[in-house]
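The values are calculated or read from the model by the stated rules, or taken from the named source; none is laboratory data. Predicted model, so just to flag it, every value in this text is computed and none were measured. For neighbour counting, all protein chains shown are included, and Cβ atoms are generated from backbone atoms with ideal geometry for every residue, glycine included. Each accessible area value is taken on the protein alone, full model and side chains, heavy atoms only, with ligands, DNA and RNA left out. Shrake-Rupley method; radii C 1.70, N 1.55, O 1.52, S 1.80 Å.
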Amino acid sequence: MPSPSRLLRIARNVMLILATLVAVFFLVLVPWFFTSVVTHRQFHYPDPNDGKTPKSYNLEFTWINFPSVDGIPLRGWYIPAEGTARGTIIYCHGLNRTRVEMLPNAVFAHSLGYNGLLFDLRHQGASGGTMTTLGYQERLDVEGAVHYALQQHAARPIVVWGVSMGAAAALMAAADSPDIAAVISDSSFDSMLSTMRHHLRLFLHIPGFPIADEVAYWTAWRGHFRVADFDLVKAVERIGDRPILFVAVEGDRRMPPSVAQKLYAHALSPLRKVVVLPGRRHGEGFNQAREPYEKAVTEFLNALVAGK
């Protein structure tokens, strides 16, 4: 029979092995799984507009194809304004959505006299691409849409209107492209790292560090960028004096109004504005509070046209 000291050593070694396996599971396998979900999972969140096109709203449109700045094929719709256009709005949908999410927004802005360009971001809907980066590389899709619109002689000003991931991509693109005259940022986050930490606490009730940090690092590694580069506060500052309308939903637990107010505090334009709408669901302000949303957008666009 083994001596008590030998049994103690065996028990200690077993505990060390178990502790190592638990650490590997939580610090390697779990973050890698979450990273794969973020970057490579393809899931279309059901939308009430699924199956509809602009024709469903009696709007003329054409299917369009154009490349992202880094060459990924993108597909979408172009809706010309009736008569002389007041400008052109490019619409950017959220994660696990497609261009149909923004169709009601485009129908409304068409009534105000704007051309509309709706498209699927990379790795979503009918567009190409093999991974999602929550808005960082998607900024290149937005810039590709801007280039396409200008090549087609679309009317200026060019406005980008995005929701959630699409809002983050819009802000990042505007920070890089002076061709974007203004942004409507609906339910954006403030940085990739902070939103991953927040979502881990919100949905799994566990500390954000270190798992969220690892997911952010591996997402950035897969997407060929640095975590520190995906910072919407810095992007807003780089946009300078171009107008931004920040939209938030009062009861949104994922991207609460404090995020929009933080971004607003760093915006430099005298035409910047923040509006907090009644409602509870993330990114659903246009559906849940249509009248005040439309009023805010109308006033924002009128001020933009008057000031150009």
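Working only within region 70-95, note down all residues that are of a type in the set (Asp, Glu) and closer than 24 Å to GLU138 by Cα.
Within region 70-95, the subset of a type in the set (Asp, Glu) is 70, 82.
Once the filter is applied, which keeps residues that are of a type in the set (Asp, Glu) and closer than 24 Å to GLU138 by Cα, region 70-95 yields only ASP70.
Selection of region 282-293 for residues being open to solvent by less than 50 Å² (accessible area, probe 1.4 Å) and assigned to a helix (DSSP H, G or I) yields GLY285, PHE286, TYR293. With the requirement that a residue be out of contact with any Phe, Trp or Tyr (no Cβ under 8 Å at 6 or more places or on another chain), among the basic types (Lys, Arg) and without any contact (Cβ under 8 Å) to a residue 60 or more places away in the chain, what does region 270-308 give you? Selection gives ARG280, ARG281, ARG290, LYS295.
Would you point out which residue out of TYR148, TYR91 is of a type in the set (Ser, Thr, Tyr) and either within 28 Å of GLY279 (Cβ to Cβ) or in contact with a Pro (Cβ under 8 Å, 6 or more places away or on another chain) (or both)? Among TYR148, TYR91, only TYR91 is of a type in the set (Ser, Thr, Tyr) and either within 28 Å of GLY279 (Cβ to Cβ) or in contact with a Pro (Cβ under 8 Å, 6 or more places away or on another chain) (or both). Note on region 75-99: residues that are closer than 15 Å to ASN49 by Cβ and open to solvent by less than 10 Å² (accessible area, probe 1.4 Å) amount to 6. If the condition is being buried (at least 20 other Cβ atoms within 10 Å of the Cβ) and either touching a helix residue (DSSP H, G or I) at 6+ places or on another chain (Cβ under 6 Å) or not in a helix (DSSP H, G or I) (or both), then region 144-162 contributes ALA154, PRO157, ILE158, VAL159, VAL160, TRP161, GLY162. The C-beta contact set for region 95-118 (first residue closer than 14 Å to GLU82 by Cα, second residue part of a helix (DSSP H, G or I) and not charged (D, E, K, R), distance under 7 angstrom, 6+ apart or interchain) comprises VAL107/TYR57; LEU112/THR298; LEU112/LEU301; GLY116/ALA106; GLY116/ALA109; GLY116/HIS110.
Scanning region 132-143 for residues being in a loop (DSSP other than H, G, I, E, B), of a type outside the set (Phe, Trp, Tyr) and surrounded by fewer than 24 Cβ atoms within 10 Å (Cβ to Cβ) gives a total of 1. Counting only helices (runs of 4 or more DSSP H) that sit completely within region 180-281, those holding 3 or more residues that are open to solvent by less than 10 Å² (accessible area, probe 1.4 Å) correspond to 211-223, 232-239.
The single condition among (1) surrounded by 24 or more Cβ atoms within 10 Å (Cβ to Cβ); (2) in a loop (DSSP other than H, G, I, E, B); (3) not acidic (Asp, Glu) that GLY129 does not satisfy is (1).
So in region 199-231, with the set limited to residues that are touching a Gly at 6+ places or on another chain (Cβ under 9 Å) and closer than 15 Å to LEU95 by Cβ, which one is modelled with the lowest pLDDT? Residue satisfying both the conditions and the ranking: HIS199. Does SER111 satisfy the criteria of being open to solvent by 10 Å² or more (accessible area, probe 1.4 Å), of a type in the set (Ser, Thr, Tyr) and touching a strand residue (DSSP E or B) at 6+ places or on another chain (Cβ under 9 Å)? Judged against the criteria, SER111 is not a match. Does SER68 satisfy the criteria of being hydroxyl-bearing (Ser, Thr, Tyr), open to solvent by 20 Å² or more (accessible area, probe 1.4 Å) and modelled with pLDDT of 95 or more? Against the criterion (hydroxyl-bearing (Ser, Thr, Tyr), open to solvent by 20 Å² or more (accessible area, probe 1.4 Å) and modelled with pLDDT of 95 or more), SER68 does not qualify. A single member of PHE33, PHE43 is open to solvent by 80 Å² or more (accessible area, probe 1.4 Å), among the hydrophobic types (A, V, I, L, M, F, W, C), at pLDDT 65 or above and in a loop (DSSP other than H, G, I, E, B), and it is PHE43.
Of a type outside the set (Asp, Glu) and farther than 30 Å from ALA181 by Cβ: which single residue out of THR39, THR88 fits that description? None of the others qualify; the one that does is THR39.
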